[in-house]
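First up is the structure itself, then whatever we jot down about it.
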Amino acid sequence: MSEELLVAVKAAKEAGKIIMKSFRKSKVVGKKTRRDIVTTADLKADKAITKIISRHFHSHDFLTEETARQEKSSAYCWIIDPIDGTAPYAAGLAEFGISIALAYNGKPVVGVVFKPFFKELFSAEKGKGAFLNGERISVGKENSLENSFIGGDWGHNEGQKFFGILEKLLPLVRYIQMSGSAVNGLTNVACGRMQAYVHNDIKPWDIAASFVIIKEAGGKLTNFEGKEWEINDKEVVASNGLLNEKILEALK
Ligand code: LIP
């Protein structure tokens, strides 16, 4: 395991302790929009993660959901969401996670997602496989939409567009879960619980770590044009690799 992955795991676990200590007690302290809320736990976890990582990699850049980008013109950038799924977390629900990725020249190469309520730590490095609590994982093999349980979410202000996506997919799949946490759906794809996950306004910090985890688990992530997802793509179809084209066809 590389030093970068070891440090990311250490930071994720430390943030998990902070977040669970405040679980069902944390206060909403800020609202960028009605949906885009921030809790005290987000801010404390963000600070703890960046402190641990910058102690080891102080020359790297940082892009986190809760603080301004730290630009040092490094080829390496840590992309961090201290709580992905703040809305469910603030509601006292279980679907949330810490997402920590390291990108090299804009491409995520290390990914860690920790879902502390479920005590599930997902990790992956480019070319070295994907793991859940140290056990190798892979995407599922379901190739029909009608047998598929998929996930999906919309952005803070993109609900209207997402209605159109739901209208096209609902008649074709077994079920769609919208949990309010991208890492919840994306890691469920990586370990084969879900067959796909669709989002129309995803942020880099929501998905960067899960991109590595799903790819290393044998999955596929594309934008709505069918090209491999890239860091600034807001639209994504992540799947077990067998359903991207079928979903994109349905969305036409
Ligand atoms: C959330 C995403 C979710 C999206 C929400 C929000 P946050 O991230 O995980 O998929 O629907 O609008 O962006 O803000 O909880 O880190």
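Values quoted throughout were computed directly from the atomic coordinates according to the rules given, and no laboratory measurement underlies them. Source: prediction; values computed, not measured. Note that each Cβ is placed from the backbone with ideal geometry, even for glycine, and that neighbours are counted across all protein chains shown.
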Relative counts (whole %) of C-alpha pair distances in region 170-252, using bins that are 10 Å wide: 19, 59, 21, 0
Take the alpha carbon atoms of region 229-252, find their center, do the same for region 115-151, and report the distance between the two centers in whole angstrom. 17 Å
Output the 0 to 90 degree angle, nearest 10, between the alpha-carbon long axis of helix 204-216 and the longest principal axis computed from the alpha carbons of the chain. 70 degrees
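Return the Rg/Rh ratio of region 1-140 with Cα-based radii and a Kirkwood Rh. Mind showing how you got there, number by number?
Numbers: Rg = 14.7 Å, Rh = 15.3 Å.
The Rg/Rh ratio comes out at 0.96.
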Build a GNM of the chain with springs between Cα atoms under 10 Å: which of 182, 208, 94 gets the top mean-square fluctuation? 94
Using alpha-carbon coordinates alone, the radius of gyration and Dmax of region 66-195 in Å work out to 16.1, 48
For the chain, built as a Gaussian network whose Cα springs stay under 10 Å, the top-fluctuating residue of 206, 233, 84: 233
How far apart, in nanometres, would the label points at residue 91 and residue 51 be if each is projected 7 angstrom from Cα along the Cα-to-Cβ direction? 3.2 nm
For residue 27, give me every one of the lysines with a C-alpha distance below 22 angstrom, ignoring sequence neighbours fewer than eight places off in its own chain. 13, 17, 44, 47, 115
Local net charge near residue 6, Cβ-Cβ under 14 Å (Lys/Arg +1, Asp/Glu -1): 0
Two pseudo-spin positions, 7 Å from Cα along C-beta at residue 27 and at residue 1, lie apart in nanometres by 3.6 nm
Where labels lie 7 Å past Cα in the beta-carbon direction, separation of residue 104 and residue 71 in nm: 2.4 nm
Step through the table entries 32/161; 126/227; 21/119; 10/32, compare each Cα-Cα distance with 25 Å, and write down the pairs that go over it. 10/32
Dipole of region 128-252, positive direction: furthest Cα of 139, 180, 236, with charges on the beta-carbon: 139
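Computed over the Cα atoms of the chain, what is the convex hull's projected area averaged over all directions, in nm²? Mind dumping the intermediate values first?
Values: hull surface 48.2 nm².
Over all viewing directions, the chain projects a mean Cα-hull area of 12.0 nm².
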Over the chain: helical MRE at 222 nm, DSSP H runs n ≥ 4 each giving -39500 (n - 2.57), nearest 500: -10000 deg cm²/dmol
Could you name the lysines in cross-link range of residue 141, using Cα to Cα under 20 Å and dropping any fewer than eight places away on the same chain? 215, 220, 246
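For an R0 of 25 angstrom, estimate the FRET efficiency from the Cβ-Cβ distance between residue 138 and residue 230 and round to the nearest 0.05. Spell out each step's value before the answer.
Details: r = 24 Å, r/R0 = 0.94.
The computed FRET efficiency comes out at 0.60.
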